[in-house]
Amino acid sequence: MTIVNRVICAALLLILGSGPATAAEPGEPQKKSVWSTLELQIYGFVKLDAAYDTDQASPGNFVKWIDLDPENPNDSQFSMTANQTRVGLWVTGPDDEEKSLQTKGRIEIDFYGGGAENKPNPMLRLAYVDLHWRDSGWRFVAGQTFDIISPLFPYTVNYSVQWWAGNIGYRRPQIQGKKDLAISESSQMQIAAGMTRDIGSTDSVFADVDSGTDAGVPGFQGRLGWKVGTHRPRPVSFGFSGHWSKESFELNEMGDHEDFNSWSANFDLQVPLGAKINLKTEAYTGANLAQYLGGIGQGVNLERNREIGDTGGWIGLDLGPYRRLTHHIGATASDVDDDDIDQGDRTFNGSIFWNGFYEMNKHLSFALELSYWRTDYKMPETGPDRANDFRTQFAVIYRF
């Protein structure tokens, strides 16, 4: 029996009941079932995506950028996948009323962990513990969760929410501390800081050495945010955030290495323009942002021994719901510093998108997304070259 099957069987036994409890050993306290002390909530969705691209979108099931193939331009492709299907588990309790402490845990996976298209591997998205002292407003989060920087996301059918194309920030193991401070009756300050695990590269003489762990120091992130006004249904919110981390690349077998910094400065803004209109936008600038899904997937140029600079952002409007239909429109862009990259590397990547979600009921919805993608490449001999793609994506989503 495989490990996965053992886990499934164990979960079913817990849910359905595994018979009489075994007697405790002498001197050992009687154990209670976890179901009697903790509240568990399973959530997620089943999602099927089908997409048609007029050119070579990479990797195809979703879009990071458009590949350039001068010998075979306008090479259309069709993809279909259920890999974004997601399963999550919230665990709540026990709470400490005396200390006003609320405890939670969360685990979440999807199926973009590699493997054959019809036999995909699970991928860990989230796994963290969340401690909230309600009286003081302090929160402590430990585990794999979202980055503190650039906390907003454009609402897309595309799985990657326009990462590598103007939206940065990902998920990684980290420790966070957060606190909300009431400034007045109509304003609130948000403070967050974290220490993170660097997810580096193995592009060095030693393929098994991760440049993030080899740096010997963690990364650091922080954000200062505000919520202003008594607007309904939401106040205006904005924030400034940033990060710093380091990578160390092994250059040869003699132990020579080169250190490179990764940093970003970021701005986020969310403004309700009406009961059914919400504006969201983010902007950033920085260098060596590959592990934060910036730089169009390019972080360090080892040929020139320099970090690759990148500036970008995105803007989006969430419209609705109008009866059963919700719309989202937006534009994104990532502009890499041409002086930091070599011939054939990506210099610009951006998208314009519209999507609509139609809810059949509270569980079942259908989605359609139309998007235009453009990726520019550095070609000194012939001048800049460009790859374009029109993408039509359809999805069926069943939430539980």
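Being touching a residue at least 40 places away in the same chain (Cβ under 8 Å) and in contact with a Gly (Cβ under 9 Å, 6 or more places away or on another chain) holds for only one residue in 197, 139, and it is 139. Of everything in the range 385-400 that's of a type in the set (Phe, Trp, Tyr) and closer than 26 Å to residue 73 by Cβ, which residue is surrounded by the fewest Cβ atoms within 10 Å (Cβ to Cβ)? Top of the filtered list is 390.
All conditions in (1) of a type in the set (Val, Ile, Thr); (2) touching a Phe, Trp or Tyr at 6+ places or on another chain (Cβ under 8 Å); (3) without any contact (Cβ under 8 Å) to a residue 60 or more places away in the chain; (4) within 19 Å of residue 67 (Cβ to Cβ) hold for residue 311, with the sole exception of (4). Among the residues of the range 182-193, are any of a type in the set (Asp, Glu) and crowded, with 17+ Cβ neighbours inside 10 Å? No.
When the strands (runs of 3 or more DSSP E) confined to the range 57-109 are screened for residues that are within 23 Å of residue 297 (Cα to Cα), touching a strand residue (DSSP E or B) at 6+ places or on another chain (Cβ under 6 Å) and touching a residue at least 24 places away in the same chain (Cβ under 8 Å), those reaching at least 1 such residues are found at 57-59, 63-66, 77-81.
Checked against (1) at pLDDT below 85; (2) among the acidic types (Asp, Glu); (3) in a strand (DSSP E or B), residue 253 meets all criteria but (3).
Candidates in the range 99-151 are the residues that are among the hydroxyl-bearing types (Ser, Thr, Tyr) and more than 19 Å from residue 41 (Cα to Cα); of these, the one that is surrounded by the most Cβ atoms within 10 Å (Cβ to Cβ) is 150. Looking across the range 297-341 at every residue that is charged (D, E, K, R) and closer than 11 Å to residue 287 by Cβ, the one that is surrounded by the most Cβ atoms within 10 Å (Cβ to Cβ) is identified as 310. Filtered by the rule that a residue be surrounded by fewer than 21 Cβ atoms within 10 Å (Cβ to Cβ) and in contact with a strand residue (DSSP E or B) (Cβ under 8 Å, 6 or more places away or on another chain), the range 351-361 gives 352, 354, 356, 357, 358, 359, 360. Note on the range 307-358: residues that are more than 14 Å from residue 155 (Cβ to Cβ), assigned to a strand (DSSP E or B) and within 26 Å of the chain's Cα centre (by Cα) total 17. Does residue 237 qualify as being at pLDDT below 95, assigned to a strand (DSSP E or B) and under 23 Å from residue 170 (Cα atoms)? Answer is no for this residue.
Just the residues that are of a type outside the set (Val, Ile, Thr) and either within 17 Å of the chain's Cα centre (by Cα) or closer than 14 Å to residue 170 by Cα (or both), please, taken from the range 278-298.
Once the filter is applied, which keeps residues that are of a type outside the set (Val, Ile, Thr) and either within 17 Å of the chain's Cα centre (by Cα) or closer than 14 Å to residue 170 by Cα (or both), the range 278-298 yields 280, 282, 283, 284, 289, 290, 291, 292, 293, 294, 295, 297.
Here residue 147 fits the description: touching a Phe, Trp or Tyr at 6+ places or on another chain (Cβ under 8 Å) and either within 30 Å of residue 374 (Cβ to Cβ) or of a type in the set (A, V, I, L, M) (or both).
Against the condition free of Cβ contacts under 8 Å to residues at least 12 places away in the same chain and of a type outside the set (S, T, N, Q), how does residue 114 come out, does it pass? Yes, satisfied. Do we have any residue at all in the range 133-147 that's of a type in the set (D, E, K, R) and modelled with pLDDT under 95? Yes: one or more hits. As an exercise: evaluate residue 38 against (1) farther than 27 Å from residue 171 by Cβ; (2) over 26 Å from the mean Cα position of the chain (by Cα) and give the number of the one condition it does not meet. With respect to (1) farther than 27 Å from residue 171 by Cβ; (2) over 26 Å from the mean Cα position of the chain (by Cα), residue 38 is out only on (1). Can you spot a residue in the range 363-384 that is among the charged types (D, E, K, R), under 25 Å from residue 46 (Cα atoms) and either surrounded by fewer than 17 Cβ atoms within 10 Å (Cβ to Cβ) or in contact with a His (Cβ under 9 Å, 6 or more places away or on another chain) (or both)? Looking for residues that are among the charged types (D, E, K, R), under 25 Å from residue 46 (Cα atoms) and either surrounded by fewer than 17 Cβ atoms within 10 Å (Cβ to Cβ) or in contact with a His (Cβ under 9 Å, 6 or more places away or on another chain) (or both), one finds at least one in the range 363-384, hence yes.
Please work out if residue 155 is within 11 Å of the chain's Cα centre (by Cα), under 30 Å from residue 358 (Cβ atoms) and either among the aromatic types (Phe, Trp, Tyr) or surrounded by fewer than 18 Cβ atoms within 10 Å (Cβ to Cβ) (or both). Taking the combined requirement at face value, the residue does not satisfy it.
The values are calculated or read from the model by the stated rules, or taken from the named source; none is laboratory data. Remember, predicted model here, so these are calculated numbers, not experimental data. A quick note on method: Cβ atoms are made from the backbone with ideal geometry, for glycine too, and the neighbour counts reach across all protein chains shown.
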